[in-house]
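First up is the structure itself, then whatever we jot down about it.
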Amino acid sequence: MKRDLCTILDLTAQEVQSLIARARQMKRDWTTGTLGPSLAGRVLGLIFVKPSTRTRVSFEAAMYRLGGHCITMTERDTQIGRKESMADTARVLSRYVDGIMIRTYRHEDVEELARFATIPVINGLTDLFHPCQVLSDLLTIEEHRGSLDGLHVAWIGDGNNVANSWINASIRLGFTLHLACPPGYEPDAGTLARSRSVGRGKVVLTTDPFEAVAAADILYTDVWASMGQESEEAARKTVFASYQISTRLLEAAPPHARVMHCLPAHRGDEITDDVMDGPRSIVFDQAENRMHLQMALMEWMMSPLAFESALAQA
Ligand code: CP
Ligand code: NVA
């Protein structure tokens, strides 16, 4: 059976834990120069309709380090830009490559690609979700905190694609997520409703950042205007002015709390320089871990026997 990652809900809790465990092994092997070429001969197609630094480079570097190869495409240099359907794109790419990663606007486009592809499809960010980001963030938190048990994450700012993926992670793993968003900028209603109906994982919505961080292990933020919302940037600066991770907000959190940001950051808006460059920031470990988690993800999807046997040897 081919596996896709359109959202974190495509994974079981056990699968999330296995991906994190394998990523930790691969990070260790990469550091010691003993990483094996478990994706030798495999090819991943990367489609970018929106821009990227981390997602593109971490996938390409991960694939190269595992002995495979990437073909990176943008909307403009493919027929996608001239309205070839996602279904036909999926059917054709399935004849050439072993997996597809896509970053685009409409989440439905990723679902359609996954439905018609006979190879694994990975969501590299849509307007609605960013599962690779949050999966690798869980790895980063486990590294710094030792475990995900009893975790409290505080999300400060826009209820955007990354926030929605945090809700899905909470549904799967059962940790507590505090979301402080201005009125009208809450996360996706359907995703929130799902978290309430599932009953596993606690999602607490507030408009007060200080309330959200009071018991937090992690303070997390993201840009106030996501890709595609550039025209709202000025208006959002006013709405979000009190949703900044500053030293004052960090001081309201427990002393062990750490600060995360998926990046790119707009320094001086959602996060101050002193916090981002300060001793409690783990944002660059977080960026690095995109590569390690995606190595594990691609191996799981494209070379499952190698994945299982490496995990069994641990
Ligand atoms: N965090 C993240 O996905 O960064 P890029 O937009 O640079 O890929
Ligand atoms: N919410 C941001 C995340 C960037 C990685 C965006 O969609 O632009």
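The values are calculated or read from the model by the stated rules, or taken from the named source; none is laboratory data. Here the structure is a predicted model, which means the values were calculated and not measured. Every residue, glycine among them, receives a Cβ derived from its backbone with ideal geometry; neighbour counts consider all protein chains shown. Protein only, heavy atoms only, side chains kept; ligands, DNA and RNA dropped before computing areas. Shrake-Rupley method; radii C 1.70, N 1.55, O 1.52, S 1.80 Å.
Structural remarks
- Per residue solvent-accessible surface (Å²) - the chain, probe of 1.4 Å: 42 Å²
- Proximal charge balance of residue 299 [Cβ under 14 Å; K/R count +1, D/E count -1]: +2
- Once you reduce region 198-232 and region 81-99 to the center of their Cα atoms, the two points are 35 Å from each other.
- Cα centroid of region 101-166 to Cα centroid of region 258-281, whole Å: 20 Å
- Label positions at residue 69 and residue 144, each projected 7 Å from the Cα along the C-beta direction, are separated by 3.9 nm.
- By average C-beta atoms within 10 angstrom, highest first, the peptides 189-197, 51-59: 51-59, 189-197
- Computed from label points 7 Å out along Cα-Cβ, the spacing between residue 230 and residue 273 is 2.6 nm.
- Here the simple spin-label model places points 7 Å from the Cα toward Cβ, and for residue 202 and residue 266 these points are separated by 3.3 nm.
- Counting only protein heavy atoms and a probe of 1.4 Å, the accessible surface of region 1-113 is 50% carbon and sulfur.
- Treating r as the C-beta distance of residue 285 and residue 305 and R0 as 35 Å, the FRET efficiency rounds to 0.70.
- Candidate lysines - alpha carbon under 19 Å from residue 83, same-chain residues fewer than 8 apart omitted: 50
- Calculated mean residue ellipticity at 222 nm for the chain: -13000 deg cm²/dmol, from DSSP H runs with n ≥ 4 weighted as -39500 (n - 2.57), summed, divided by the residue count and rounded to 500.
- Remark: the Cα gyration tensor places region 1-71 in the oblate category, a/c being 1.5 or greater and a/b not exceeding b/c.
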